[in-house]
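Heads up: the structure comes next, in structure tokens.
The values are calculated or read from the model by the stated rules, or taken from the named source; none is laboratory data. None of these values were measured; they are calculated from a predicted model. We place every Cβ from the backbone using ideal geometry, glycine too, and count neighbours over all the protein chains shown. These area figures cover heavy atoms from the full protein model, side chains too; ligands, DNA and RNA do not enter into them. Shrake-Rupley method; radii C 1.70, N 1.55, O 1.52, S 1.80 Å.
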Amino acid sequence: MIPINEAKIISELFYRLDMNVRNDLHHKRIADERDYVSRLVTHFNYPFGIFQRVSFNGIHLQSKWFSKVNDPDHEKKFGCDSMIVFRVNDEIKVGLFEAKWPRVIKKPKYRWDYAQKSNKRSHFTDQILRQARWTNYAAIWEMFLYEEKVGTLNCPFDKYASTCVRHNFAKAFVRKTPSLKIVWNNIDLTDLIQSAQTSSFNGTNQTNIKDIVLDILTCKFGKAIDIKPGDTGFKLTSKYPKEVVKCPIIPMTEDDDINSIIGEFMAENGLSFFQQLNIVSPNEKKNRKVSAKQTTPVHFQDECLERVQKYLNIRLIKQTKSSYASKVKTTGLICSISKAYKQGQFEKYWFAFHPHQMDFLKSVENAYVSYGCGSPDNTLLIPFKDFEPLIKNLWKTDNDDRRYWHVVIHFRDNKYFIAQPILERGSMVDITRYRIL
């Protein structure tokens with residue numbers, strides 16, 4: 001999403017804000033988990049006072065958050081009660097976390113977990129198992145609040161802030177510890193944290209929010225979801241059984257309607273907190289300026305068509321704005337072009353593929369789609385028989401007045417990839433071989 005040096009600045013900011021809230025917890029200014037998270041996201045929202053728009057070290061942040069009191073018995077679809085949406089230009093990363101306060105110092109025997117009445121299974125274990133369905137895209141972690149004085153070392157808990165354990169460690173720990181089907185206690189918790197800290201190749205995993213946010217922003221934790229300018233939402237897809245949740249995108253301008261939209265979304269999914277953080281890095285601003293100056297104007301469709309005709313050794317006659325056919329209608333082509341959209345150090349290209357274009361291609365014997373990526377020098381020519389199986393895994397707009405698929409082509413490491421966001425774990429298919437040289 002952003003360069004590591006910028007991600008380190010933001011993650012350090014998160015860590016320091018978490019330290020401030022732990023200090024409040026130590027001084028008994030916080031009543032419970034909800035109070036802690038509420039204060040934490042308030043700090044995230046106003047890291048330098050009352051301003052929602054802040055800049056530091058050249059990085060611009062915009063943030064909005066919502067909180068909602070839900071019935072304690074209300075099902076949490078994600079197994080978490082808090083969601084943070086990180087947005088960098090046309091990419092989104094989703095963070096989900098569940099906060100627990102085991103009161104290790106205040107009440108060592110406090111029962112922070114319990115057996116559910118419905119199935120007699122540990123409530124926390126049940127949450128971890130529900131979280132597992134959403135890890136194909138979301139970065140999910142457990143946040144354990146610790147009331148010891150900031151700066152006091154008491155292993156395995158973090159010395160300065162809350163202790164955070166990534167979902168994959170929690171799930172693995174549940175699998176190898178049968179007793180956790182019943183109820184968790186503080187011994188189990190300590191074992192989990194120690195396991196998470198020593199389960200890597202070098203045994204030095206960090207268990208704090210700083211490293212969580214750092215890995216999210218550098219694409220090591222969770223998976224990015226592509227969006228387009230003007231989108232009002234995005235889709236979060238689960239593992240088996242497959243489920244798609246439509247998540248809202250908060251506009252940074254004042255919008256009264258968004259309050260009810262976010263409120264309904266939170267109620268439907270059992271969320272108590274929802275935050276969106278927009279990040280504009282110095283590199284991103286620079287890229288936007290360079291892109292505006294250097295991007296080839298989007299008027300090169302004729303040049304792409306010439307390349308296709310030369311490659312196929314056939315003359316094509318224009319049928320509509322983007323469709324072409326041979327004189328005897330045995331060969332058909334859909335030709336589309338896109339300017340480059342900067343994504344950090346990479347580029348991507350946006351195209352729309354319409355049902356009427358599919359019908360046209362199916363009506364001819366030799367069918368192709370052609371995508372011009374930024375200039376005629378980067379023209380991709382894909383046989384429709386190869387392209388058609390990819391359509392089912394594209395995002396689709398299906399409104400009363402508009403119906404089309406979103407074709408997103410990425411250019412990175414001198415290769416072209418077509419996004420396949422509907423697949424269970426998401427993927428990109430290498431289509432470099434279709435470039436006309």
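A few remarks follow.
- For the set 277, 437, the ranking by accessible area, highest first and with no ligand, DNA or RNA atoms included, is 437, 277 under a 1.4 Å probe.
- Between the stretch 97-143 and the stretch 333-365, the alpha-carbon center distance in angstrom: 45
- Among 113-120, 133-140, the order from most to least packed when residues are scored by Cβ within 10 Å on average: 133-140, 113-120
- Over 24 Å (Cα to Cα) - which of 109/159; 220/385; 235/415; 318/342 fall in this group: 220/385; 235/415; 318/342
- Cross-link pairs exceeding 32 Å in C-alpha to C-alpha distance, out of 176/246; 210/246; 107/239, comprise 176/246; 107/239.
- Accessible surface ranking that places the most exposed of 408, 244 first, with a 1.4 angstrom probe: 244, 408
- Each peptide in 104-111, 324-331, 10-17 receives the mean, over its residues, of other Cβ atoms within 10 Å, and ordering these scores from highest gives 10-17, 324-331, 104-111.
- Multiplying the residue separation of residue 111 and residue 320 by 0.36 nm and subtracting their alpha-carbon distance yields 68.3 nm.
- Straight-distance crosslink candidates among aspartates and glutamates, where the alpha carbon sits under 13 Å from residue 396 and sequence neighbours closer than 8 are dropped: 226, 231
- Segments 35-44, 223-232 sorted - mean Cβ within 10 Å per residue, highest first: 35-44, 223-232
- Assuming charge only on the beta carbon of Lys and Arg (+1) and of Asp and Glu (-1), the dipole of the stretch 337-437 about its Cα centre is about 260 debye to the nearest 20.
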